[in-house]
Amino acid sequence: MADKRDYYEVLGVEKSATSSELKNAFRSLARKYHPDRSTEENAEEMFKDIQEAYAVLSDDEKRAQYDRFGHSGPGGSPFGGFGSGNFNINLEDILGGDFFSNIFGGGGGRARSNSRRGSDIRTYHTVNLEQIYSGSSEEMELDLPVPCSDCNGTGAKDGKVVTCKDCSGQGRVRMRQQVGPFVQDVVRDCPSCQGRGTSIEERCGSCRGTGKSLKSSTLRFAVPAGCEAGTRLRMRGKGEPAPQGKGEPGDLFIEIEIEPHPWYERSTTDLIMSMPLGYAELVLGTTVTLKHIDGKDLTIKVPAYSNSGDTIEIKKRGLPRTRGSGRGDVIVLLKLHMPKKVSKKVKKSLQELKGDLGPDDLIERIIDDAQERRS
Ligand SMILES: [Zn+2]
Ligand SMILES: [Zn+2]
């Protein structure tokens, strides 16, 4: 106990501090170090220290003893009463009820309605590139949970709910909590009714007390043009009904999945494809026409003497930008298509052409190629 910090120092007040100065100092430190909320590394330790210091200094008799003897009492007996007794500080009174609702709920008045809100539901919907080229209106059949009509979503037979006995309908209970050597009062959601304030004596037979039933629903929604995979569309109030029919239903999230296209790969708004062409087509050039995702023809002009690895950009035929205007491009990557096998006839022709097609001077070609790569 020799290294125990001075109580006044712990609270950061003068020895002459008035009781309201003590209380103010304790309040701001307790708010800072409350273990349920603090992000400080040593919060729990600090919280214990400030509670102990305040418990002693806020009690006139104990404060007088402490001022006289410090941490150790007369006769060598550790004045341990300070450190081992159960100090009952009502933190709620000092810190204010809103402090605790923030800890237990997540935002003042919203806390209570939050705990009664129905859960969100997630579902998936798959579209293809054609559908996101200019956006589309979708329809989807889904069994969605709705409040049970027999019990009005309460889960109780004939909708008869009774006041929770454990909290007298308050939904919250005051509990004593042991933190180290200290007992503190905290207010929490009533564990018997999960904060609802009501309970069920007899369950509804139709929904077995869940308060929910499934109803087939037709959902209509719009998939935005240029939408990315993983985009979530929110449909407010289409989620799970609130527990016991009290409070707001959750939301339904429709997560968009995009079906792979037979040849396009997507890179944000650009569409990338590879075009395997024969040697003759690369040398002579060619024109290829494909059906594009906009329903129109896409004409790809491959110039003569194209190389494997060259790209051709066809401007503004890609996907629309979701922010701002305009579209991405279609990017065609040329590739030399190597046949797995050629006929005898082709082989013979190639033999004849070999001298004309092959490099004139191999070494010169190797050097040229290396230089091209470097530049
Ligand atoms: Zn209760
Ligand atoms: Zn029911």
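The values are calculated or read from the model by the stated rules, or taken from the named source; none is laboratory data. Keep in mind that this is a model prediction, so the values were computed, not measured. Note that we place each Cβ from the backbone using ideal geometry, even for glycine, and neighbour counts take in every protein chain shown. Calculation scope for accessible area: heavy atoms of the full protein, side chains included, ligands and nucleic acids excluded. Shrake-Rupley method; radii C 1.70, N 1.55, O 1.52, S 1.80 Å.
Efficiency by 1/(1 + (r/R0)^6): what FRET value for Thr218 and Ser325, r their Cβ-Cβ distance, R0 = 22 Å, to the nearest 0.05? Between Thr218 and Ser325 the formula returns 0.10.
Shape verdict for the chain, please, from the Cα gyration tensor: rounded (a/c under 1.5), prolate (a/b greater than b/c) or oblate. Oblate is the answer for the chain, as a/c is 1.5 or above yet b/c matches or exceeds a/b. The loop-placed chymotrypsin sites (Phe, Trp or Tyr not before Pro) in the stretch 220-327, going by DSSP, that have at most 12 neighbouring Cβ atoms within 10 Å of their Cβ come out as Trp263, Tyr305. Rolling a 1.4 angstrom probe over the protein heavy atoms with all chains in place gives the chain an accessible area of 61 Å² per residue.
A simple spin-label model places pseudo-atoms 7 Å from Cα toward Cβ; at Thr123 and Lys348 they are separated by 6.6 nm. Among Lys340, Lys348, Lys32, the largest mean-square fluctuation in a Gaussian network model of the chain (Cα springs under 10 Å) belongs to Lys348. Enter the Cα centre distance for the pair the stretch 264-304 and the stretch 155-211, rounded to the nearest angstrom. Centre-to-centre distance over Cα atoms comes out at 66 Å. Loop-located trypsin sites (Lys or Arg not before Pro) in the stretch 285-327 (DSSP state not H, G, I, E or B) with no more than 15 neighbouring Cβ atoms inside 10 Å: Lys296, Lys315, Lys316, Arg321, Arg323. Within the assembled protein chains, the solvent-accessible surface assigned to Thr154 is about 20 Å², based on a 1.4 Å probe.
If the chain linking Arg188 and Asp36 were pulled fully straight, counting 0.36 nm for each residue of separation and taking away their Cα-Cα distance, it would gain 53.5 nm. Taking the chain as a Gaussian network of alpha-carbon nodes connected by springs under 10 Å, the highest mean-square fluctuation of the residues Lys23, Lys345, Lys246 belongs to Lys345. Share of antiparallel DSSP beta bridges in the stretch 262-375, in percent to the nearest 5? Antiparallel bridges: around 65 percent, rounded to the nearest 5. Using a Gaussian network model on the chain with a 10 Å cutoff between Cα atoms, which of Asp185, Asp251, Asp120 fluctuates the most? In the Gaussian network model the winner is Asp185.
Here the chain exposes an accessible surface that is 47 percent carbon and sulfur, computed with a 1.4 Å probe and the other protein chains kept in place.
Rounded to whole numbers, the Karplus 3J(HN,Hα) couplings from phi for the stretch 131-140 are 6, 8, 4, 9, x, 8, 9, 10, 9, 8 Hz, using 6.51 cos²θ - 1.76 cosθ + 1.60 with θ = phi - 60°, and x at Gly and Pro. If the label point is 7 Å along Cα→Cβ of Lys296, which residues in the stretch 130-154 have backbone nitrogen under 15 Å from it? 133-134, by backbone N distance to the label point. Taken one residue at a time, the phi angles of the stretch 188-201 give Karplus couplings (6.51, -1.76, 1.60, θ = phi - 60°) of 10, 4, 4, x, 6, 10, 6, x, 7, x, 10, 9, 10, 8 Hz. Gly and Pro are set to x. For Ser192, the solvent-accessible surface computed with a 1.4 Å probe is close to 60 Å², ligands and nucleic acids excluded. Go through Lys301/Lys347; Lys315/Lys354; Lys291/Lys354; Lys291/Lys340; Lys157/Lys215 and tell me which ones have a Cα-Cα distance over 32 Å in this structure. Over 32 Å Cα-Cα: Lys315/Lys354; Lys291/Lys354.
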